[in-house]
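Novice: Can you read through this structure? Questions will come right after.
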Amino acid sequence: MSSAYISAELRQQVAERAYFVCEYCLIHADDTHFGCQIDHIISEKHGGLTEADNLAYACAFCNRFKGSDIGSIDWDSGEFVRFYNPRTDRWHEHFRLDGIRIISTSGIGRVTVRLLQMNHIDRLIERQELAESKRFPTSQAVSYLTNTPKA
């Protein structure tokens, strides 16, 4: 399948595989005003297909900031580095949670955190409010982190 059309069944499969949590910033779909969307990890513009192993569940902010990008310059190394790929990477190998902040632990983490603006003040405020009501990270996010999602 290689069109932008994503069937309801495929959308549901992607959402369930991610425990209804953004696979980038870990916010639960129920806790974000704009909900979550299906993201092409490698955009169609770059030859990515519309199939389960190239799709991720992403909140509207992560999806918007990522756009069709596939990576960026890692300013620590000066090299082009790809973004975190939820189908092939493990979240905890590139990021860690420090309270409400998402801390990068690799070049892949650094470019992903920076470009997806994971620690923008508005996003931190959102996570702080959720944390205060015991909604961040959710039990689903913990399940996502401890179970490697499979395509």
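Novice: Here's a check for you: in segment 48-64, which residue that is within 15 Å of MET118 (Cα to Cα) and part of a helix (DSSP H, G or I) is least open to solvent (accessible area, probe 1.4 Å)?
Specialist: Only one residue tops the list, namely CYS62.
Novice: Please determine whether any residue of segment 14-30 is farther than 17 Å from ALA141 by Cβ and either in contact with a helix residue (DSSP H, G or I) (Cβ under 8 Å, 6 or more places away or on another chain) or open to solvent by less than 70 Å² (accessible area, probe 1.4 Å) (or both). Reasoning before the result, please.
Specialist: Of the residues in segment 14-30, the ones farther than 17 Å from ALA141 by Cβ are none.
So far as segment 14-30 goes, no, none of its residues is farther than 17 Å from ALA141 by Cβ and either in contact with a helix residue (DSSP H, G or I) (Cβ under 8 Å, 6 or more places away or on another chain) or open to solvent by less than 70 Å² (accessible area, probe 1.4 Å) (or both).
Novice: Say we look at segment 109-151 and pick out the residues that are exposed (fewer than 13 other Cβ atoms within 10 Å of the Cβ) and of a type in the set (Lys, Arg); which of these is modelled with the lowest pLDDT?
Specialist: LYS150
Novice: For residues that are open to solvent by less than 60 Å² (accessible area, probe 1.4 Å), within 14 Å of the chain's Cα centre (by Cα) and of a type in the set (S, T, N, Q), tally how many sit in segment 75-108.
Specialist: Here the count works out to 2.
Novice: Next question, about the same structure. From the list ILE73, ILE42, which one is of a type in the set (A, V, I, L, M, F, W, C), in contact (Cβ under 8 Å) with a residue 24 or more places away in the chain, more than 30 Å from SER7 (Cα to Cα) and in contact with a helix residue (DSSP H, G or I) (Cβ under 8 Å, 6 or more places away or on another chain)? Don't jump to the end; show me each part of the working.
Specialist: On the way: ILE42 fails: more than 30 Å from SER7 (Cα to Cα).
Exactly one residue qualifies, and that residue is ILE73.
Novice: Being closer than 19 Å to ASN119 by Cβ, in contact (Cβ under 8 Å) with a residue 40 or more places away in the chain and assigned to a loop (DSSP other than H, G, I, E, B) is true for just one of TYR84, TYR19, TYR5. Which residue is that?
Specialist: Numbers: TYR19 fails: closer than 19 Å to ASN119 by Cβ; TYR5 fails: closer than 19 Å to ASN119 by Cβ.
Exactly one residue qualifies, and that residue is TYR84.
The values are calculated or read from the model by the stated rules, or taken from the named source; none is laboratory data. Small disclaimer: the values here were computed from a predicted structure and weren't measured. Methodologically, a virtual Cβ is constructed for each residue, glycine included, from the backbone with ideal geometry; neighbour enumeration extends over all protein chains shown. Keep in mind that these areas ignore ligands, DNA and RNA; they rest on the heavy atoms of the full protein, side chains included. Shrake-Rupley method; radii C 1.70, N 1.55, O 1.52, S 1.80 Å.
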